[in-house]
Amino acid sequence: MVFLPFLAYTLMCIQAKLTEDELKDFLQNTYEKEASQKCYKANIAEFNYETDIRSKTKEETVTNTTLETAAWEKDIWKKYFSDITPNDYTDPSLKRQVRTLHILGNALTNATNQMTGIYSTGKICPYSKQDCDVTKEGLSLEPGIEDIIAKSTDFDELVYIWKAWRDVTGAKMKDLYKTYVTLSNEAAVANNSDHIYLKDFSDKGAYWRDDYEDPNFVQNMDDLWTQVEPLYTELHKYVGRKLKQRYGSKLDISDGLIPAHVFGNMWAQSWNNIADLVRPFPNVSKVDVDSALKKQGYTVLDLFKTADEFYQSLGLLPMGVCYNESAGAMINKPTDGREVLCHASAWDFCDGNTFRLKMCTQINFEDFITIHHEMGHIQYYLQYKNQPYSFREGANPGFHEAIGDTIALSVATPTHLRKINLLTNYTDNDETSINSLMDMALDKIAFLPFGLLIDKWRWDVFSGSVPESKWNSHWWEYRTKYQKVRPPVKRSDESDFDPGAKFHVPGDSQYIAYFLAHILQFQFYRSLCIAAEQYNPEDKTVPLHKCDFYKSVAAGDKLRDGLKLGSSKHWSETLEIMTGTKEVSAEPLLEYFEPLYKFLKNENEKYDNYLKNKPQLKVNIFVLFLTHIKNNDNGTVFSSNNETVSSEKQDKLSNDDNKNVNGGGTD
């Protein structure tokens with residue numbers, strides 16, 4: 001979390017450049033202390049506000065602290081960092097710190113606070129009482145609205161909920177977003193200089209992409225998508241057919257697009273809430289952690305302790321401080337009347353001691369996995385807390401998001417869930433294995449296009465390549481192209497601003513990191529599984545997706561070796577330490593999902609073949625019907641080639657056709 005808005009100003013050299021020894025001394029003895037103190041003060045103010053967003057006093061404190069930090073940062077930058085470059089110094093660590101320090105901070109306060117305020121206080125009336133008093137009976141996003149969109153299969157109710165949320169959030173912040181874009185670009189361009197070695201940011205998108213230290217970053221992300229798109233396409237096609245069976249004529253997927261409101265998620269970014277509707281083999285034993293948690297009387301605190309124990313089993317650091325409510329953490333939604341920003345987040349207060357989680361936790365499997373994800377951030381903070389201030393961040397933003405998800409891949413395996421007594425009466429066979437992979441794909445693979453398109457849209461907005469008058473339609477162009485979804489109701493560029501209905505857009509938070517993290521986590525997972533001797537790439541009898549590296553100190557050592565570096569090394573070097581390669585690759589992800597991909601491709605091909613032959617089947621059935629009339633209703637009919645077919649065989653053929661229609665499952 002970094003700081004605040006700056007107006008463009010003329011770069012000037014205030015004093016002579018520091019020598020290498022002088023700069024080292026300044027960074028170690030002055031900057032380190034002051035920067036940590038400013039960070040602590042700013043993050044305390046922000047945390048206090050996000051846990052009481054109706055408080056004007058706390059909002060003012062955030063603004064004042066932000067301005068104070070901005071003034072300090074600007075002063076330090078002008079005096080010491082504005083006119084130095086990495087090439088001015090020889091020490092590798094110092095060169096790398098300078099790379100970060102000569103770039104101004106670029107976050108915003110007023111615009112983002114107003115937009116996130118709209119988002120976090122947004123409420124809608126229930127479908128059954130659309131003219132309610134929203135102040136008394138209105139539903140907030142968490143848990144009210146999300147619960148409905150996750151569980152309801154009432155097509156019309158889902159349409160209403162989907163539209164109503166966008167009406168009370170995105171549509172109300174469109175003008176604010178214009179201001180935000182202008183100020184963001186001004187702040188990014190303020191870094192520019194005629195100096196040959198200094199950064200030249202054309203806009204906020206270029207500023208964000210610089211974090212990845214990759215001149216071909218956009219192309220490389222597109223290449224990763226090209227690798228995984230075939231798997232997503234097969235998943236999308238299969239899921240669309242299953243949803244069509246559920247909703248019938250109300251669901252039109254004839255154009256290859258699925259309406260965005262039927263995925264069990266407000267943004268269609270995760271489809272795990274519709275698993276019961278699309279699971280290939282619904283009649284075999286399944287993973288039902290929600291019931292196990294309820295039956296065993298788990299509390300919210302138990303969820304956090306269980307997640308903490310997994311990390312400690314790898315020999316990693318304990319994290320009790322981060323979920324200790326008496327030490328300031330928020331792991332339950334307050335019941336004292338405060339409005340809070342429920343979006344789960346992990347906080348580093350920059351003093352080496354204070355780390356907190358903020359989450360409106362519910363006792364279910366989804367939040368159990370989210371806790372492991374957020375604790376991945378905390379573990380990263382703890383591991384690099386002794387690095388210089390400039391290096392206390394992930395190797396790149398994608399790394400930070402990937403760590404907890406890597407752990408969660410192991411946690412979510414039936415193997416692990418049995419070990420911690422959250423899964424019983426479960427039979428491991430080919431059918432349950434496909435179901436398990438499907439459940440994971442509904443989360444991981446379904447997310448990928450959404451993770452990619454949010455920032456591709458914002459890059460276009462920041463660069464001006466899409467005019468303000470087309471922001472919303474451009475959003476839907478990307479959602480159609482990548483996600484293959486469309487809005488359930490007509491949208492407008494004049495009155496709608498649908499990107500604003502997703503927290504990270506008003507919250508000024510990069511999103512491409514999540515796309516990259518969904519690729520990286522499978523690289524990390526495969527590497528840790530090999531280190532734990534729970535997976536051998538040469539042994540095809542034990543697939544990657546069944547690996548659980550719980551209690552493997554060897555896996556923990558490999559993870560720690562990467563985390564403790566922070567951003568002190570180029571991310572490719574850290575990746576090599578953690579995986580043995582310097583290149584980001586989707587191959588481990590494809591290896592993980594290979595059995596599911598083969599299954600989906602086969603089922604979709606069977607259905608396509610069925611549709612191709614459907615006209616001929618209708619002709620054959622008509623011929624059979626006419627032949628049946630001629631044969632005195634004696635229980636026997638003749639096929640077109642005069643082969644006698646019994647009534648029992650007809651029933652079997654009919655059932656087989658239905659299987660083909662249903663995609664080969666056992667519905």
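Rounded to the nearest 10 degrees, the angle from helix 32-50 to the longest Cα principal axis of the chain is 50 degrees. Given the pairs K242/K606; K123/K163; K242/K490, which span a C-alpha to C-alpha distance of over 18 angstrom in this model? With Cα atoms farther than 18 Å apart: K242/K490. Using Cα atoms only, what is the angle between the long axis of helix 155-168 and the major principal axis of the chain, expressed in degrees (0 to 90) to the nearest 10? Around 20 degrees separate the two axes. Of the cross-linked pairs K305/K546; K38/K204; K95/K178, those separated by over 30 Å at the C-alpha level are K95/K178.
Derived scalar couplings between HN and Hα for region 63-69 equal 4, 5, 5, 4, 5, 5, 5 Hz in order, rounded to whole Hz, by the Karplus curve 6.51 cos²θ - 1.76 cosθ + 1.60 (θ = phi - 60°), x for Gly and Pro.
For K564, a cut-off of 16 angstrom between C-alpha atoms picks up these lysines, skipping any fewer than 8 places away in its own chain: K385.
A Förster radius of 45 Å, combined with the Cβ-Cβ distance separating K151 from E32, puts the computed FRET efficiency at roughly 0.35. Here each label is just a point 7 Å from Cα along the line to Cβ, and for T135 and N216 those points are 5.9 nm apart.
Under 25 Å of direct C-alpha separation, and excluding same-chain neighbours fewer than eight residues apart, K540 reaches these lysines: K286, K419, K444, K551, K558, K598, K601.
Report summary: the helix-based calculation at 222 nm, which adds -39500 (n - 2.57) for every DSSP H run with n ≥ 4 and divides by the residues of the chain, gives -17500 deg cm²/dmol. Entry note: the chain has Rg to Rh equal to 1.01, where both radii use alpha-carbon atoms and Rh is the Kirkwood radius. Between the Cα long axis of helix 587-630 and the first principal axis of the chain there is an angle of about 30°, rounded to the nearest 10. Placing one equal scatterer on every Cα of region 299-386 and applying the Debye formula, the log10 ratio I(q)/I(0) at q = 0.24 Å⁻¹ is -1.27.
Every read-out reported here was derived from the displayed coordinates using simple, explicitly stated rules and does not represent laboratory data. The shown structure was predicted, so the numbers you read here are calculated from the model rather than taken from an experiment. Note that we place each Cβ from the backbone using ideal geometry, even for glycine, and neighbour counts take in every protein chain shown.
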